[in-house]
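Here the structure comes first, spelled out in structure tokens, and everything after it is commentary.
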Amino acid sequence: MCANLGVQNPPIMNQLQSERQEAAWGHQCAGRVNPIAAQNPFCYYAAVTDIAVLVLNQNYEPLNVCNARRAFVLVGRGKAEVLENGRGYLRSPSFVFEIPSVIRLVYIIRRPRPRGRLCRRDVFLRDRHTCQYCGRQTRDLTLDHVLPRNRGGQHAWDNVVAACKDCNHRKAGRTPEEAHMQLIRQPARPAFNPYHPFYHYLDEQVEWRKFIPGWQPDSGFY
Ligand SMILES: [Zn+2]
């Protein structure tokens with residue numbers, strides 16, 4: 001939790017919309033702001049308000065990620081509270097704003113649980129960023145259709161795997177059998193983990209980790 005500086009809900013939006021005020025803001029943020037941007041008040045302001053902020057539901061369930069500008073508004077309007085600061089303060093001559101890292105809504109948002117989409121990122125997550133032919137873990141993965149699409153293969157969970165470029169090139173337009181290559185495991189639709197979309201933030205966003213279940217250091221590796 002962050003220190004209470006005794007500043008009661010300042011008129012945040014008015015402050016944000018005042019260019020003169022923005023230009024006057026000091027460079028006293030301890031957050032992850034590009035140091036080059038910090039040399040210029042306008043760039044600094046933009047860099048701070050673009051910082052990613054984790055939004056939790058009232059019941060502490062991770063909901064989404066917004067930027068700090070949106071978080072300022074939610075907190076300023078009394079719709080959310082700051083749970084983690086971790087990034088210092090944005091100071092104007094008359095106000096001090098916490099730069100939040102994690103905020104929690106004061107009311108519950110009910111929404112249908114999203115289903116796992118078939119996209120590159122989620123295929124790589126399912127396959128733990130490992131080539132399904134040679135077993136190499138790499139950031140430089142491609143998507144391979146086990147039965148090539150031009151031979152009737154579907155773009156579906158049970159026909160796509162992560163493959164390194166070398167293996168994908170070697171397999172080319174053939175089936176694994178024709179290319180004498182073996183899959184490490186047969187692809188299938190993964191059990192959808194609603195927290196996957198947050199994992200790739202967690203290498204950097206250390207304060208978020210305790211709010212996101214199931215994360216391991218290589219979960220967000222891509
Ligand atoms: Zn490979």
So which chymotrypsin sites (Phe, Trp or Tyr not before Pro) in region 76-139 are both in a DSSP loop and have at most 14 other Cβ atoms within 10 Å of their Cβ? TYR107
For region 148-222, state which GluC sites (Glu not before Pro) are in a DSSP loop and have at most 15 other beta carbons lying within 10 Å of their beta carbon. GLU177, GLU178, GLU204
Identify the trypsin sites (Lys or Arg not before Pro) of region 117-210 meeting these criteria: DSSP loop state and at most 16 other C-beta atoms within 10 Å of the C-beta. ARG117, ARG128, ARG136, ARG139, ARG174, ARG185
Amide H of LEU83: which non-local residues (sequence gap of 5 or more, or other chain) have their own amide H closer than 5 Å, using H built in the peptide plane? VAL102, ILE103, ARG104
Under 5 Å from the placed amide H of LEU63, counting only residues 5+ away or on other chains, we find VAL55, LEU56, ASN57
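How large is the charge dipole for region 116-191, taken about the Cα centre, if only the Cβ atoms of Lys, Arg (+1) and Asp, Glu (-1) carry charge, to the nearest 20 debye?
200
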How large is ³J(HN,Hα) for each residue in region 139-145, as worked out from phi by the Karplus curve 6.51 cos²θ - 1.76 cosθ + 1.60 (θ = phi - 60°), to whole Hz, x for Gly and Pro? 7, 9, 9, 10, 9, 10, 8
Whole-angstrom Cα spans of region 116-191 along principal axes, big to small: 30, 26, 18
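Each reported figure results from applying straightforward, stated rules to the coordinates on display, with no laboratory input. Only a predicted model underlies this, so the values are computations on that prediction, with no experimental measurement involved. Because the Cβ atoms are built from the backbone with ideal geometry, glycine has one as well, and the counts that use them run over all protein chains shown.
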